[in-house]
Amino acid sequence: MTDSSPSGDELVRILAALASPHRIRVVAALVGGRNYVSQLARELGISRALLQVHLRKLEAVGLVSSDLELSEDGKALKFYEVVPFGFQLTPQLIADAAVTLTGLDAQDVTPRRESSHG
């Protein structure tokens, strides 16, 4: 993910991924540095299975990334970290993103101007 403005489809996916209190907490926890699933689940007070569902959703939209590493005792540990990203959510960003929407969700999204009655 870059600091450039997202397309309409990207914006929908990003906002959908962040539309969960658990996923907001996951991103917040990872701001402090990378962490592995078991430790992160303990810190957040949720099951590893539930955490992995949320991490997959965040990774799918590019907000977090993962690396598989072996511990000294040979255990595989999957570490996650936040991918640097940023954009300012403004009405103009939404309007710009709306014109790039594709698929069934894309309808006529041309901004309407209010007509003045004289």
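Some notes on this structure:
- Each residue in the range 48-89 was checked for being at pLDDT below 90 and within 14 Å of the chain's Cα centre (by Cα), and 1 pass.
- Complete set of residues in the range 1-42 that are exposed (fewer than 15 other Cβ atoms within 10 Å of the Cβ), within 30 Å of Ala76 (Cα to Cα) and of a type in the set (Ser, Thr, Tyr): Thr2, Ser20, Ser38
- Members of the range 1-60 that are part of a helix (DSSP H, G or I) and charged (D, E, K, R): Asp9, Glu10, Arg13, Arg23, Arg25, Arg42, Glu43, Arg48, Arg56, Lys57, Glu59
- Whether a residue is polar (S, T, N, Q), within 22 Å of Leu93 (Cβ to Cβ) and without any contact (Cβ under 8 Å) to a residue 60 or more places away in the chain was assessed, and Ser20 passes this test.
The values are calculated or read from the model by the stated rules, or taken from the named source; none is laboratory data. Computed from a predicted structure; not experimentally measured. Ideal geometry is used to build each Cβ from the backbone, glycine not excepted, and the neighbour counts take in all protein chains shown.
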